[in-house]
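What follows is a set of notes on a single structure, which appears directly below.
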Amino acid sequence: MVMNYHKQAIPVKDQIQLLKSRGLLAGDESLAEHYLNNISYYRLAGYWWPMQTDKVNHLFKPNSRFEDVVALYSFDCELRLLLFNAIERIEIALRTRMINHLAHEVDPWWFENPSIFKNKVAFADNLKVIDRDLKNSKEGFIHQHYHRYHADSRRPPAWKTLEVVSFGLLSKLYGT
């Protein structure tokens, strides 16, 4: 059976009244309105989900507060920022060490050298992705390299090229 969606958009003030009618306490309605104008109802719904006793009728446990929903959301945002910051630092350190080690142990264009890769199909696929990433790069140092060294048919050296590819591709290069 095919059902058509018939619900209409609900103004923020009415969203607050709906949440209150379901048992969510909203002490400062102007603050709740501010948050619902800046963070969508459905984004916040994931944070009030555990506060509900009845998931079908969306009824809240006693003493569930909108302020607690916002606090959970804020905590999640801050935790995500901390984790992404740490992950970024790890990624940059690994990327740098891999680029430098292989540039010194093999040569600055090691990623173009088919003899050091076991899987030739993956090697060719990786070069296609590298070429796409270089072509789409907005980095000034890539454009400057091609402008300055236009007679050199090679891609920019590893310390330039591999800064514009994804970490996923870099790990594929390492695993190939």
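Please go through (1) touching a residue at least 40 places away in the same chain (Cβ under 8 Å); (2) under 30 Å from the mean Cα position of the chain (by Cα); (3) assigned by TED's automatic domain parsing to the domain that holds Tyr35 for Glu91 and return the number of the only condition it doesn't satisfy.
(3)
When you scan region 117-132, how many residues do you find that are over 17 Å from Lys160 (Cβ atoms) and surrounded by 15 or more Cβ atoms within 10 Å (Cβ to Cβ)?
Matching residues across region 117-132 total 2.
In this structure, does Ala122 turn out to be more than 30 Å from Gly46 (Cα to Cα), hydrophobic (A, V, I, L, M, F, W, C), in the same structural domain as Thr161 (by TED's automatic domain parsing) and without any contact (Cβ under 8 Å) to a residue 60 or more places away in the chain?
The answer is yes for Ala122.
In this structure, does Val106 turn out to be on the phi < 0 side of the Ramachandran plot, out of contact with any Leu (no Cβ under 8 Å at 6 or more places or on another chain), surrounded by 11 or more Cβ atoms within 10 Å (Cβ to Cβ) and among the β-branched types (Val, Ile, Thr)?
yes
Tell me yes or no: at least one residue of region 94-107 is assigned to a strand (DSSP E or B) and among the hydroxyl-bearing types (Ser, Thr, Tyr).
Looking through region 94-107, none of the residues is assigned to a strand (DSSP E or B) and among the hydroxyl-bearing types (Ser, Thr, Tyr).
I need a count of the residues in region 35-79 that are among the β-branched types (Val, Ile, Thr) and more than 22 Å from the chain's Cα centre (by Cα).
3
So which residues in region 133-176 are surrounded by 14 or more Cβ atoms within 10 Å (Cβ to Cβ), outside any loop (DSSP other than H, G, I, E, B) and among the charged types (D, E, K, R), if there are any at all?
Asp133, Lys160, Lys172 - these are the residues of region 133-176 that are surrounded by 14 or more Cβ atoms within 10 Å (Cβ to Cβ), outside any loop (DSSP other than H, G, I, E, B) and among the charged types (D, E, K, R).
Would a scan of region 117-131 turn up a residue that is modelled with pLDDT of 95 or more and over 18 Å from Ser171 (Cβ atoms)?
Yes: region 117-131 contains one or more residues that are modelled with pLDDT of 95 or more and over 18 Å from Ser171 (Cβ atoms).
The values are calculated or read from the model by the stated rules, or taken from the named source; none is laboratory data. Nothing here was measured: the structure is a model prediction, and the numbers come from that model. We place every Cβ from the backbone using ideal geometry, glycine too, and count neighbours over all the protein chains shown.
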